[in-house]
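Single-structure report; data block below.
Here, each number is a calculation from the coordinates, and none is a lab measurement. Model, not experiment: these values are computed from the prediction.
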Amino acid sequence: MSRLIVVSNRVAPITEGKSTAGGLVVGVLDALRETGGIWLGWSGDISGEPSTAPVTETVDNIDFCTIPLTQRDYDRYYRGFSNGVLWPTFHYRIDLSQYNGEDYKGYVEVNQRFAALLATLAQPTDRLWVHDYHLIPLAQACREQGLDNRIGFFLHIPFPSPSVLRTIPRHRELVLALCQYDLVGFQTQGDTQAFVDYATRHLDGVLEGDILQVGERRIRVGSYPIGIHPDQVKTLSKQSARSKQLDALKAGLQHRKLIVSVDRLDYSKGLVQRFDAFDCLLETAPQHRGKVTLVQIAPPSRQDVQGYRQIRRQLESAAGRINGKWTELSWTPIRYMNRSYERSLLMSFFRASQVGLVTPMRDGMNLVAKEYIASQPADDPGVLVLSEFAGAAAEMQDGAIMVNPFDTKAMADGLDLALRMPLQQRKKRYEHLMEVLRANDLSRWRDRFLGDLES
Ligand code: ADQ
């Protein structure tokens, strides 16, 4: 088999055991560990001069090749266009999108720099697997460098409907750039359909089976829902069973029921709406007062992007308001922690809880929903309350309690149902969901994508 080169915005040379917040990193690292290869991306450092000489660090069978970005690259490519326009728009928050032509120029330039680097690294038989919205123009830039390798692209976040996408002034260029890949993969059928809709409506594209023809280009499109390794997660969830932190959490609960939520602190994750739903539960179902605690773990991310500072303030104020209203001398209803935890500890928190509350307003997939189920003990499993707008809903809707995060009362009712669910029902739902997770695990995601790229 030919060599695999993975390209993503950030590269994480993670040593075993160190925590990593972010689903892409978890998925890619795991995929590369099995195949070996090169992982190319930004080092996370800022340098004075643009650089195309990568630093390579080899860990096991993976070469981590990184370059720094300049402050100007960071402002335009990363903060400006990727996280100031693409992220909000693709998550349907066009109100937060801040387009600026200079940022777009910077976005394309950084992609060209990555392509120049690839031209020096890649052998003609290497397969390139490009990840996520930061790198949409990369295949086009590679073709301009004369690379005609197989190049696949996987989008970890949702693909918006054409009318939403068209709010980005350079929408046409972006979709035409995607057509320079050989394979474009999405998390769900719905995302794939949105992309095909744009191509057929606005670019005279024609779809036959899974092949999309746009002008001269014939590309394969499809959905490749990312998974986890459920049995590894289960093992992890048992590893911290005797840790001090888990003991401390349990001691603080004093035998109350535990609802757990874990997310990056991001406006797409529906955190404020979730706190409001918990407040509504305490208001409308008084039997839960003093009997249940919501633990929200949310490490800050992208603090220099405007929408993120705002969500942080909103959440702090919501937690303060709700706790002010309900707290008793021996009970704090919401425990909100602005930090990241080691993976096995997180999974042990999941295992110790009765409900996993995963309610994004939009999410490509949401791996926390899958990790939550995999962490449960088979003889006394917790219940997943899941937003219908998470990509994971497509696979998990039959075992989770499905809620619409725009409906506070419905979320409160979902929580009430989950907290009261009898053991038999919980087991049945859990067993079904474990089958789903095993049938489409992380290896299958990688094998299906790379298999289709190869063929
Ligand atoms: P994210 O938006 O980062 O990923 P998600 O899929 O939930 O969202 O992945 C988060 C990962 O980070 C999980 O593995 C989780 O356990 C871990 N994590 C989160 N908070 C943590 C904390 N406080 N401490 C330690 N670890 C933490 C993007 C898309 C998703 C898509 C993934 C993968 O936005 O929709 O599911 O990529 O494709």
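Restricting to the stretch 230-438, what percent of DSSP beta bridges are antiparallel, rounded to 5?
Details: 1 of 22 bridges.
In the stretch 230-438, approximately 5 percent of DSSP beta bridges are antiparallel ones.
With respect to the chain, whose longest principal axis is taken over its alpha-carbon atoms, helix 343-352 is tilted by about 30°. Counting only Cα atoms, the stretch 230-438 measures 39, 38, 34 Å along its principal axes, largest extent leading.
In plain terms, the chain from Gln193 to Asp304 could stretch by 36.6 nm, reckoned as 0.36 nm per residue minus the Cα-Cα distance.
Considering all projection directions equally, how large on average is the shadow of the alpha-carbon convex hull of the stretch 45-92, in square nanometres?
Hull-based average projected area comes out at 4.5 nm².
In order along the stretch 175-192, the phi-based Karplus estimate (6.51 cos²θ - 1.76 cosθ + 1.60, θ = phi - 60°) of 3J(HN,Hα) comes to 6, 4, 5, 4, 6, 7, 7, 8, 9, 10, x, 10, 6, 9, 4, x, 5, 4 Hz; Gly and Pro are listed as x.
Against the longest principal axis of the chain, how steep is helix 101-121, in degrees 0 to 90 to the nearest 10, with axes from Cα atoms? Tilt relative to the chain: about 70 degrees. Angle, helix 423-439 long axis vs. longest principal axis of the chain, Cα atoms, 0 to 90°, nearest 10? In the chain, helix 423-439 runs at an angle near 10 degrees to the longest axis. For the chain, the extents of the C-alpha atoms along the principal axes are 67, 48, 42 Å, listed from largest to smallest. Pairs of alpha-carbon atoms within less than 8 angstrom and 6+ residues apart define the contacts here; what relative contact order does the stretch 230-438 have, in percent? About 26 percent, as a whole number.
Pairs exceeding 32 Å between alpha-carbon atoms, taken from Lys238/Lys325; Lys257/Lys428; Lys238/Lys291; Lys238/Lys409; Lys291/Lys428; Lys234/Lys325: Lys238/Lys325; Lys238/Lys409; Lys234/Lys325.
For the stretch 228-353, how big is the tail of P(r) above 20 Å, as a whole percent of Cα pairs? The share of Cα pairs beyond 20 Å in the stretch 228-353 comes to 48 percent.
With contacts taken as Cα pairs under 8 Å and at least 6 residues apart, the chain reaches a relative contact order of 14 percent. Residues in the stretch 357-366 carry Karplus couplings, in order, of 10, 10, 10, x, 6, 7, 7, x, 10, 5 Hz; the curve used is 6.51 cos²θ - 1.76 cosθ + 1.60 with θ = phi - 60°, and Gly or Pro positions show x.
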